[in-house]
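Working notes, structure below.
The values are calculated or read from the model by the stated rules, or taken from the named source; none is laboratory data. Since this is a predicted model, take the numbers as computed values, not measurements. Counting neighbours? That spans all protein chains shown, and the Cβs are built from the backbone with ideal geometry, glycine included.
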Amino acid sequence: MSLSAADQYYLKGLDHYNYDWEEVVENVNYALSVDPEHAGANHLMGKLHFEQLKNFDLAESYFVSALQSNPCHIDTCFDYAQLLILLNRLEEAYKLLTHLERIPGAEKWRVQGIRGEMAEQNGDLNQAKLYYQSSKQRVLDASQSSLLKQAIERVDDKLNELQSFRYEY
């Protein structure tokens, strides 16, 4: 089984993602010139615009293109959900996470963790804690478990502050 030219360029771009942006852009542009609908290449270009260039409109455009070609592209769903949350488009993010939960292979603990972030951002601290706890029960990685434990502790601190604030009045 051989890889398409677009797949090869995409993988080269992916390999350089965290340390050589010029190589990423060059290879992903090549991949998209060969196959403009390549989900992975569109995702990677969207991720670059989201995380590095902070060009959220263009990032969204690439994420949408990736999902049009492959609605089950897991990495795109996660990154696009994070973008929607950043843009405070929480209802859209929630729908995307619901879709993501139905995709085989999607990490359910990550979905629950992101829902926890959304609830915390919305000020629904009790719901956030429940999501974080659910996520922590599902995670298999010790470092991620530690991060979720910190999130639960952070929410507990916020809840305690709110409780003490209420008692002062």
Of the criteria (1) surrounded by fewer than 20 Cβ atoms within 10 Å (Cβ to Cβ); (2) assigned to a helix (DSSP H, G or I), which one Ala106 fails: (2)
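Given the structure, is Asn88 of a type in the set (S, T, N, Q) and in a helix (DSSP H, G or I)?
Values: of a type in the set (S, T, N, Q): yes; in a helix (DSSP H, G or I): no.
No.
Just the residues that are in contact with a Lys or Arg (Cβ under 9 Å, 6 or more places away or on another chain) and crowded, with 19+ Cβ neighbours inside 10 Å, please, taken from the stretch 8-27.
In the first step, residues of the stretch 8-27 are kept if they are in contact with a Lys or Arg (Cβ under 9 Å, 6 or more places away or on another chain); the result is 17, 23-24, 26-27.
Matches in the stretch 8-27: Val24, Asn27.
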Residue match in the stretch 114-137 (condition: touching a Ser or Thr at 6+ places or on another chain (Cβ under 7 Å), under 28 Å from Asn70 (Cα atoms) and at pLDDT 95 or above): yes
So Tyr80, is it of a type in the set (Ser, Thr, Tyr), surrounded by 13 or more Cβ atoms within 10 Å (Cβ to Cβ) and out of contact with any His (no Cβ under 9 Å at 6 or more places or on another chain): no
Residue that is surrounded by the most Cβ atoms within 10 Å (Cβ to Cβ), among those in the stretch 29-74 that are part of a helix (DSSP H, G or I) and over 20 Å from the mean Cα position of the chain (by Cα): Ala31
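Got a sec? Which of Asp141, Asp157 is surrounded by fewer than 19 Cβ atoms within 10 Å (Cβ to Cβ), outside the structural domain of Phe56 (by TED's automatic domain parsing) and within 18 Å of the chain's Cα centre (by Cα)? First the steps, then the outcome.
Values: Asp157 fails: within 18 Å of the chain's Cα centre (by Cα).
Result: Asp141 is the single residue among Asp141, Asp157 that is surrounded by fewer than 19 Cβ atoms within 10 Å (Cβ to Cβ), outside the structural domain of Phe56 (by TED's automatic domain parsing) and within 18 Å of the chain's Cα centre (by Cα).
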Test: residue in the stretch 36-50 that is under 30 Å from Gly123 (Cα atoms) and either without any contact (Cβ under 8 Å) to a residue 24 or more places away in the chain or assigned by TED's automatic domain parsing to the domain that holds Ala128 (or both): yes
Condition broken by Leu96, with the remaining ones in (1) surrounded by fewer than 16 Cβ atoms within 10 Å (Cβ to Cβ); (2) not hydroxyl-bearing (Ser, Thr, Tyr); (3) not in a loop (DSSP other than H, G, I, E, B) satisfied: (1)
